1. Among the strands (runs of 3 or more DSSP E) confined wholly to the stretch 1-68, which include 2 or more residues that are within 19 Å of T124 (Cα to Cα) and among the aliphatic types (A, V, I, L, M)?
2. Mind listing just one residue for me: the one in the stretch 37-55 that is touching a strand residue (DSSP E or B) at 6+ places or on another chain (Cβ under 6 Å) and of a type outside the set (A, V, I, L, M) and, of those, surrounded by the most Cβ atoms within 10 Å (Cβ to Cβ)?
3. When the residues of the stretch 202-223 are filtered to those that are under 18 Å from D12 (Cα atoms) and of a type outside the set (G, A, S), which remaining residue is nearest to the chain's Cα centre (by Cα)?
4. Search the stretch 21-36 for residues being small (G, A, S) and touching a strand residue (DSSP E or B) at 6+ places or on another chain (Cβ under 9 Å), and hand back the single one that is surrounded by the fewest Cβ atoms within 10 Å (Cβ to Cβ).
5. Here are some conditions: (1) in contact (Cβ under 8 Å) with a residue 40 or more places away in the chain; (2) surrounded by 13 or more Cβ atoms within 10 Å (Cβ to Cβ). S219 meets all but one. Which one does it not meet?
6. Which residues, taken from the stretch 99-126, are touching a residue at least 60 places away in the same chain (Cβ under 8 Å), over 18 Å from G64 (Cα atoms) and surrounded by 22 or more Cβ atoms within 10 Å (Cβ to Cβ)?
7. Within the stretch 159-166, does at least one residue satisfy the condition of being surrounded by 21 or more Cβ atoms within 10 Å (Cβ to Cβ), under 19 Å from the mean Cα position of the chain (by Cα) and outside any helix (DSSP H, G or I)?
8. Mind checking which residues of the stretch 223-246 are closer than 20 Å to D122 by Cβ and of a type outside the set (A, V, I, L, M)?
Amino acid sequence: MSFSTIEFSVEDNIATITLNRPDAANAMNPQMAKELSECAKGCQENADIRAVIIQANGKMFCAGGDLSEFAAAKEAVGSLLLSMTADLHLFISRLTRMNAPVIAAVQGTAAGAGFSLAAAADITIAADRAKFTMAYTNAGLSPDGSSTYFLPRRIGDRKTRELMLTNRVLSAAEAVDWGIINQAVAAEELEPTVSAIAAQLANGPTLAFGSVKALLNQSFDNSLETQMELEAKSIASLSRSPDGHEGIQAFLAKRPAEFTGKD
């Protein structure tokens, strides 16, 4: 796959998606959203991909939407945004629904859609200099990129409202304290930290990871009994899978498991 606003590579079962508009602060525009959607489709259809990293080139992770392109669209801006968000949301939906865990590596400011991407990832690691802000209402706009879905689930309604209504800027340390991201590390430690986590996950039981993601994504919408029934069906199904068999046997033999991630 060839792209103009992102970079994409796969190595050792790890897909790396890199936002690549550094001169525009990696701001989201229709082309980037379209390319991200196509990239996620490729990830979803490739069973060899067992972990995904989302990162960015340049100083900023993502400054949000490209307001200059929005302004240039004039009366057609509504149509532009409907098309752009359709692609961006399909990208997020595909990565959320796939078995492979998604890790966001945030090296700089994540604003607007950048914040949304960081919140949507399964695991998010940031450099200690990174900052996080919603920013949407500063431009008279409302949030997109799944942030109104994931942020209340990550940190609760009250804190989400504060971030979206006041556009408070959080440091990386504050984002950890709030539960928005998992870790804040020194800038020089970001890449090795994320690589180590991705390698661990890429060698893990991918089907089980997918079940964890699916169960958690549904948990706020189901009754206790419904959720427990889904848990029972999931663990029973996984116990019959090659990785489930391997995991049980490895545990009993007190040896490291060798997972394949295959059905």
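The values are calculated or read from the model by the stated rules, or taken from the named source; none is laboratory data. Predicted model, so just to flag it, every value in this text is computed and none were measured. Note: ideal-geometry Cβ built from the backbone for every residue, glycine included; neighbour counts use all protein chains shown.
1. The strands (runs of 3 or more DSSP E) meeting that bar are 14-19, 51-56.
2. The selected residue is C39.
3. So, considering only residues that are under 18 Å from D12 (Cα atoms) and of a type outside the set (G, A, S), the one nearest to the chain's Cα centre (by Cα) is F209.
4. The extreme case among them is A25.
5. Every listed condition holds for S219 apart from (1).
6. Across the stretch 99-126, the qualifying residues are A100, P101, I103, I125.
7. No; the residues of the stretch 159-166 include none that is surrounded by 21 or more Cβ atoms within 10 Å (Cβ to Cβ), under 19 Å from the mean Cα position of the chain (by Cα) and outside any helix (DSSP H, G or I).
8. Once the filter is applied, which keeps residues that are closer than 20 Å to D122 by Cβ and of a type outside the set (A, V, I, L, M), the stretch 223-246 yields Q227, E231, S234, D243.
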